[in-house]
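Asker: Right, I'll just put the structure down here and ask away after.
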Amino acid sequence: MCSHYQTVKDAERHQRYFGCPLPETIRQQLPKDVWPGYPSNIVVRHIDATDTGLTTRQSRLARFGLIPHWASDPDISRHTFNARAETVSTKPSFRYAWQHAQRCIVPAEAFYEPDWRTGHSVATRIARRDGAPMGLAGLWATWRAPQGELVQSFTLLTINADEHPLMRRFHRPGVEKRMVVVLPDEDYETWLRAPNHAAAALLQPYPADRLDASPAEPPKR
């Protein structure tokens, strides 16, 4: 489970690694640390209606925690910030977004998980060893509020990490180990554009030797 990560706020860095601008109107609204219910930036596939067949990437401001279209209020996002890869195609909260290929890339400098090997929780910051930002696999949705406002939201895909050399350290003893899906840079376009069966094949653990984990006291919400 991942409920806390750091987003990418540097516009040049965002353009370089994710292939699309980070508009100032979005950047100004981004917190450094993102928790469920917070606004953050996602990268989606954008189809230009004026040029048939032309697709690009676009930044979008969205709430962390997916709000399905049938939800009665946005508070469901407190429980839908992670989607299990094993059930994403069938669970009601995520089924529509998956079936309609509403996939996104979530830019992140790092994410946090609790290390329980000492017997108590030690907040740990996990980042790419090469210093590049991460592109996390996500799904997005649009929800219409009772007042008519359209709310964008998203969730992070997770996979089993019981056998992962690094990520099996985290979460309480006896609990299944999970990890977010860190997409290889070369798979970004496939994740955004491919059919679901091809996208599902990308839900793989990121190599442990390409990640760095270090104790860090995260800021409180």
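Asker: Can we say Arg95 is at pLDDT 95 or above, in contact with a helix residue (DSSP H, G or I) (Cβ under 7 Å, 6 or more places away or on another chain) and farther than 20 Å from Asp33 by Cα?
Answerer: No, not satisfied.
Asker: Can you tell me which residue among Arg13, Arg45 is out of contact with any strand residue (DSSP E or B) (no Cβ under 8 Å at 6 or more places or on another chain), among the charged types (D, E, K, R), more than 24 Å from His171 (Cβ to Cβ) and touching a residue at least 24 places away in the same chain (Cβ under 8 Å)?
Answerer: Arg13 is the lone residue from the list that is out of contact with any strand residue (DSSP E or B) (no Cβ under 8 Å at 6 or more places or on another chain), among the charged types (D, E, K, R), more than 24 Å from His171 (Cβ to Cβ) and touching a residue at least 24 places away in the same chain (Cβ under 8 Å).
Asker: Pairs please, first residue from the stretch 188-207 and of a type in the set (S, T, N, Q), second anywhere and part of a loop (DSSP other than H, G, I, E, B) and buried (at least 17 other Cβ atoms within 10 Å of the Cβ), Cβ atoms under 8 Å, 6+ apart in sequence or on different chains.
Answerer: Listed pairs, sorted by first residue: Thr190/Leu202; Gln204/Val181.
Asker: Of everything in the stretch 153-197 that's in contact with a Gly (Cβ under 7 Å, 6 or more places away or on another chain) and of a type in the set (Ser, Thr, Tyr), which residue is nearest to Gln58 (Cα to Cα)?
Answerer: Tyr188
Asker: Sticking with this one: Of the residues Gly65, Gly19, which single one is open to solvent by 30 Å² or more (accessible area, probe 1.4 Å), at positive phi and touching a residue at least 60 places away in the same chain (Cβ under 8 Å)? Steps first, please.
Answerer: Values: Gly65 fails: open to solvent by 30 Å² or more (accessible area, probe 1.4 Å).
The match here is Gly19.
Asker: Given the condition crowded, with 16+ Cβ neighbours inside 10 Å and among the small types (Gly, Ala, Ser), answer yes or no: does some residue in the stretch 45-56 qualify?
Answerer: No, the conditions are met nowhere in the stretch 45-56.
Asker: Same structure, new question: Quick one: would you say Ala132 is farther than 18 Å from Leu157 by Cα and either part of a strand (DSSP E or B) or out of contact with any Leu (no Cβ under 9 Å at 6 or more places or on another chain) (or both)? Step through it out loud before you land on a result.
Answerer: Working: farther than 18 Å from Leu157 by Cα: yes; either part of a strand (DSSP E or B) or out of contact with any Leu (no Cβ under 9 Å at 6 or more places or on another chain) (or both): yes.
Yes, satisfied.
Asker: Would you point out which residue out of Arg129, Arg117 is in contact with a helix residue (DSSP H, G or I) (Cβ under 9 Å, 6 or more places away or on another chain), open to solvent by 60 Å² or more (accessible area, probe 1.4 Å) and modelled with pLDDT under 95?
Answerer: After applying the criteria, what remains is Arg117.
Asker: From the set of residues in the stretch 147-159 that are in contact (Cβ under 8 Å) with a residue 24 or more places away in the chain and open to solvent by 20 Å² or more (accessible area, probe 1.4 Å), which is farthest from Arg117 (Cα to Cα)?
Answerer: The qualifying residue farthest from Arg117 (Cα to Cα) is Val151.
Asker: Kindly establish whether Ile47 is modelled with pLDDT under 95 and among the aliphatic types (A, V, I, L, M). Before the answer, list the steps.
Answerer: Numbers: modelled with pLDDT under 95: yes; among the aliphatic types (A, V, I, L, M): yes.
The answer is yes for Ile47.
Asker: Condition first: at positive phi and either surrounded by 13 or more Cβ atoms within 10 Å (Cβ to Cβ) or not small (Gly, Ala, Ser) (or both). Now tell me which residues in the stretch 170-221 satisfy that.
Answerer: His171
The values are calculated or read from the model by the stated rules, or taken from the named source; none is laboratory data. All values derive from a computational prediction rather than experimental measurement. Neighbour counts run over all protein chains shown; Cβ positions are idealised from the backbone, glycine included. Remember, those area values only see protein heavy atoms, side chains included, never the ligands or the DNA or RNA. Shrake-Rupley method; radii C 1.70, N 1.55, O 1.52, S 1.80 Å.
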